[in-house]
Amino acid sequence: MSDQKNLDDMSRSFALTTKLDAIVAWGQRNALWPLPYGTACCGIELMSVMGPKYDLARFGAEVVRFSPRQADLLLVAGTITEKMAPILVRIYEQMLEPKYVLSMGACASSGGFYRAYHVLQGCDKVIPVDVYVPGCPPTPEAVLDGVMTLQKMIKDRTPRPWKDNWKSPYTESNPNSELGQVR
Amino acid sequence: MASATHFPEVLKSDVLAKFGAEQFKFVTTPVGDNVIEAPKASTHALLQYLKEYAGFDFVMDVCGVDYPTRQKRFDVVYHLFNSKDFTRVRVKAQVADGESIPTATNIWKGADWFEREAYDMFGIVFDGHPNLRKILTHHQFEGHPLRKDYEADAQQHCDSVMPIHFNNTPDQRGDLLDNRFVPINIGPSHPAMHGTLRVMAELDGETIVRANCEIGFLHRCFEKMAETHPYNQVIPYTDRLNYCSAPMNNVGYCKTVERLLDVTIPPRAQAMRVVLCELSRVIDHIIAVGTGGVDLGALTAFFHLFTYREKVYSLFEKLCGARLTVSMTRVGGMAQNAPDGWFDDVLAFCDEMSDGVDEISKLMLDNKIFIKRTQGVCPISQQDAISWGYTGPLLRATGIAQDLRKSNPYYGYEQYNFSIPTGSNGDIYDRYCVRIEEMRQSISIIRQACKNMPGGDYTIRDKGIVLPEKKDVYGNIEGLMNHFMLVIKGLRPPVGEVYDATEAANGELGFYLVSDGSANPYRLKVRPPCFAIYQSFPEVVKGSMLADAIATVASMNVIAGELDR
């Protein structure tokens, strides 16, 4: 009996007990590797978020990856045009699970003040978005808040029906498209 | 700008002596722009003559204007610039729907993309153009969006990406890929390429056999949006052209509208605009130099320089509340006065920044690796640079000291003491040298402007142009009525047209504005500096190494916002 007690004491000094889900979520939310999909003005403001003053590294997201294969957070920063939309979907499809999308700024979220013939009215028309950050462009603080919101979602394992029910908008309308073959 | 009321006699008599008959109409607009209206059959000969004998060596812009009620509905407008005596002339020809006009690409190489854009936006066909196809809209787009009968919000979806393609010049193999070479696609959203640019190349080993770039991935319809918004509401859209130096676009646009209105803004507003512009030039060059280093693998410069950019953001935030897209100007002056002590803050920043520039100069320009990667790489000759329509730091890197701040001074630039840095080889290294030296010159201009900041009002007080101050709107009936009338009726410039240009960070930023007397611009064409520069990319990188092509794109400082508009 006393041996058991010693073992408990000893293990408490170097181990902790938790649930598997919780520890995985802890790892996921503190090591988000963003892919900066900067297309316009928001891309410049995203540089500030990464830069020395605001420093996204403090939230565990400093490893910027330009390859979708190595990233799990897609930062859509800037206007997505009709011409760009198929490429955005292809990038999203190439990302590995678990993956998250943060839409930065008015244009990415809704088309912004470009209610125009060549502008997609929000990137959620083609990919599932987890967090929308308003602003034109949003301040870096707002983007940090968006990332923290996402971290909370991961921690709480918030259900994401928009993601679960998502289907590529191009596979049905265009079965021969090379977009459909992306695995 | 001095407003001449007559068309220059020498040019007129020369043209008449050469072409005889009274086929041309010579017009000088009320604000002093010289226009030659020519029948489309003789446009090509006239342009050739103007270039070779009248010294108009730059084609700054080619664009269309749509007048649906007219029998020949389109105007094709050429904006020419003479770099010897700094004069401009505009050539206009009328073209009916379905007709064609001879191309100017065999006179100036730089007409290439501008004509493609006119074709894409209006459906104007240019005879003999080597590669007349869509440039800004996606390949599944039907119709021509800048025609007046195209609805501004009629979206057309795109569901695929164009395969690798090249220009179809007559002596080339067209889009057929040669199986001896490796085709490669870079971008958009590629580790080695800036945001929305797409470059395609065929490689023989590491050497580029031919290259092509596809643009339009950020075409967000600036010109159509300008036609559907009142004059002052266009200002936020101009912010988002070259978003690295947003205030410069505000200034360029407002200056154009003010020129059409024929108003002069007060000295304080002029000096404030100069300070804003030069601060913007510094932070634009910070991005250009910083990302240029990143593309060569040097991250330090970027992070180091970004600290200074943050400081300018703080200054902007203190001035108007916004960091990046400031929309600080209004037609007629500035939106508001600078807060107390702001100019002292700017001066303090100048001291920090000049140390920063020296550091960055040592870090980059004296760095052996940087020198080896950039010196002698993809140079461009003076002749080619002019022919392509290069302006700004890239033109000056070839040794031509052309700068609108010196040649056609505005806002009192003639009273500031500064020099125009030039390079000698036109290679990538010289481009960065010019940019870094320009930062020093800009800091010197900012210091002079801040120390001699004139007092007085920050805007004109014309009731038909500028909204009254809030205390008048809420405090007295005249102010309220004035505010109401201006908001309901809108700012209405006289019927007419104007082209005006400022020296932006990348080169000549021109606005061609046509007004029909209503509250919205009838047509607003932007002449983006990097559009002209980037079109030379396939030719400039031909025969060089792939890694050098990446360095070239970075040195061109292509900003998608103004490239695709």
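Rule-based calculations on the coordinates, nothing more; no lab input. Please read these numbers as outputs of a predicted model, since none were measured by experiment. Cβ: placed from backbone, ideal geometry, glycine included. Neighbour counts: every protein chain shown.
Quick notes on this structure:
- Net length gained if the chain between B:E539 and B:L299 were fully extended (0.36 nm per residue, minus Cα distance): 83.5 nm
- Estimated distance in nm for a label pair at B:E142 and B:Q383, the labels positioned 7 Å out from Cα along Cα-to-Cβ: 4.7 nm
- The shape of the range A:16-88 can be summarised by an equivalent ellipsoid whose semi-axes, obtained from the alpha carbon gyration tensor, come to 27, 16, 8 Å from longest to shortest.
- Between B:G356, B:Q382, B:I400, the Cα set farthest toward the positive side of the dipole of the range B:325-404 (charges on each charged residue's Cβ, about the Cα centre) is that of B:Q382.
- Options A:G122, A:L96, A:Q28, ranked by Cα towards positive dipole end of the range A:1-157, top entry (Cβ charges): A:G122
- Computed E for B:K463/B:N367 - FRET, C-beta separation, R0 60 angstrom, nearest 0.05: 0.55
- For the range A:53-99: rounded, prolate or oblate by the Cα gyration tensor [a/c cutoff 1.5]: oblate
- Of the complete DSSP H runs in chain B, those spanning 20 angstrom or more by Cα along the long axis with a mean Kyte-Doolittle score not below -0.5 are B:246-261, B:267-295, B:299-320, B:342-360, B:428-451.
- Restricting the range A:1-61 to chymotrypsin sites (Phe, Trp or Tyr not before Pro) in coil, as DSSP defines it, with at most 14 other Cβ within 10 Å: none
- Computed over the range B:44-169, the ratio Rg/Rh where both radii use C-alpha atoms and Rh is Kirkwood: 1.01
- Pairwise inverse Cα distances across chain B, averaged and inverted, put the Kirkwood hydrodynamic radius at 24.5 Å.
- Per principal axis, descending, Cα span of the range B:514-565 in whole Å: 53, 16, 11
- Cβ-derived FRET efficiency at R0 51 Å, A:Q94 paired with B:Y53, nearest 0.05: 0.35
- Packing-based exposure ordering (other Cβ within 10 Å, fewest first) of B:M162, B:M328: B:M162, B:M328
- The overall shape of the range B:378-426 is prolate: from the C-alpha gyration tensor, with semi-axes ordered a ≥ b ≥ c, the ratio a/c is 1.5 or greater and a/b exceeds b/c.
- Cβ charges +1 (Lys, Arg) and -1 (Asp, Glu), total dipole of the protein assembly as shown, debye: 560 debye
- Student exercise, the range B:475-565 dipole from Lys, Arg, Asp, Glu Cβ charges, in Debye to nearest 20: 260 debye
- Likely footprinting exposure, B:D457, B:D564, fewest C-beta neighbours within 10 Å first: B:D457, B:D564
- Restricting the trypsin sites (Lys or Arg not before Pro) of the range B:129-237 to loop positions (DSSP other than H, G, I, E, B) with no more than 15 neighbouring Cβ atoms within 10 Å leaves B:R133, B:K148, B:R173, B:R180.
- Using distinct alpha-carbon pairs, which all enter the 1/r mean, Kirkwood radius of the range B:251-360 in Å: 15.2 Å
- Taken over the alpha carbons of chain A as equal point scatterers, the Debye sum produces base-10 log I(q)/I(0) values at 0.10 Å⁻¹ of -0.45.
- DSSP bridge analysis restricted to the protein assembly as shown gives an antiparallel fraction near 70%, rounded to the nearest 5.
- Here each label is just a point 7 Å from Cα along the line to Cβ, and for A:R157 and B:N452 those points are 7.1 nm apart.
- In whole angstrom, the range B:184-261 maps to an equivalent ellipsoid with semi-axes of 36, 12, 11, each derived as √(5λ) from the alpha carbon gyration tensor and ordered largest first.
- Per residue Cα convex hull volume in Å³ - calculated over the range B:398-557: 169 Å³
- With the cut-off at under 13 Å, measuring from each backbone N in the range B:352-378 to a point 7 Å along the Cα-to-Cβ line of B:S314 picks out B:352-353.
- Note: relative contact order over the range B:243-326, using C-alpha pairs below 8 Å and six or more positions apart, is 34 percent.
- Of B:F217, B:F306, the sequence from fewest to most neighbouring Cβ atoms within 10 angstrom is B:F306, B:F217.
- Electrostatic dipole magnitude of the range B:239-298 [Cβ: Lys, Arg +1; Asp, Glu -1; Cα centre; debye, to 20]: 180 debye
- By definition, a body whose alpha carbon gyration tensor gives a ≥ b ≥ c is prolate when a/c is 1.5 or more and a/b is larger than b/c, and the protein assembly as shown fits this prolate description.
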